[in-house]
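The values are calculated or read from the model by the stated rules, or taken from the named source; none is laboratory data. Computed from a predicted model, the values in this text were never measured in an experiment. Cβ sites come from the backbone with ideal geometry, for glycine too, and all protein chains shown count toward neighbours. Ligands, DNA and RNA are stripped out before the accessible areas are found, and what is left, the full protein with its side chains, is counted by its heavy atoms. Shrake-Rupley method; radii C 1.70, N 1.55, O 1.52, S 1.80 Å.
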Amino acid sequence: MKKVLVVDDEPAIVTLLEYNLKQANFEVQSATNGVDALSMAENGHFDIVLLDLMLPQMSGEEVLKQLRMDRNDTPVILLTAKDTEFDKVFGLEMGADDYIPKPFSPREVIARINAVLRRYEKSTSNVDETNAKPTGNVEKTGPFTIDHKKYRVSVNDKNLKLTPKEFELMQYLVSHENQVLSRDQLLQGVWGFDYSGQSRMVDIQIAHLREKIEPDPKQPKYLRTVRGFGYEFSTGDDDAE
């Protein structure tokens, strides 16, 4: 039985989610403010957290930020009334695994939870998806070293300061090295659910990652754009398009 932490300061939403999640055979606990949520998430060994952004005492953004700073990789799905593209991208960049705007249906929430959990279980296995390279704790390719256990990436032995989502993107790209990946493939592989119409999110994250891994981000050497198709990560000597 998977364990879910529901965090929202609206009692009606908490009650709705608790009932439907229990009906779907999840174990459920809840919190109504950010301080309690952070303490429970760090100490309660949950499989996933449903986190509202607008919380008393400590915002959902701060809760998520602190969890990721503490290297707590428990999957987090954001629940919020905010629904602009900026809010979505900002939340996902901070390390959220999915984003559900209010109002929502309990069936959608359960479907999203199951999708995120499936992706998380795949990402923590020792072998990636079909056609991906097997990985151990530490993997090297070209000038890059990826420590999958410590969530670290270095280039020429210099550690890079990546956000959790940048690390996941880098990890996915390296596991599919020399393969051309479409934006939809990257959305599914890194964010784990159907983000139809959110291809700009991929472009933004690619641009951020290039700023950190490329000698010259304007002329990328490793993370190339393949016009009309998507992106390719390679440590070979081919020139970027």
Are there any pairs, at least 6 apart or on different chains, whose C-beta atoms fall under 9 Å, with the first in region 67-78 and touching a residue at least 60 places away in the same chain (Cβ under 8 Å) and the second of a type in the set (D, E, K, R), and if so, which?
Arg71/Lys150
Please count how many residues of region 15-40 are outside any loop (DSSP other than H, G, I, E, B) and either open to solvent by 10 Å² or more (accessible area, probe 1.4 Å) or of a type in the set (Lys, Arg) (or both).
16
Counting only residues that are modelled with pLDDT under 85 and of a type in the set (Phe, Trp, Tyr), how many does region 130-167 have?
1
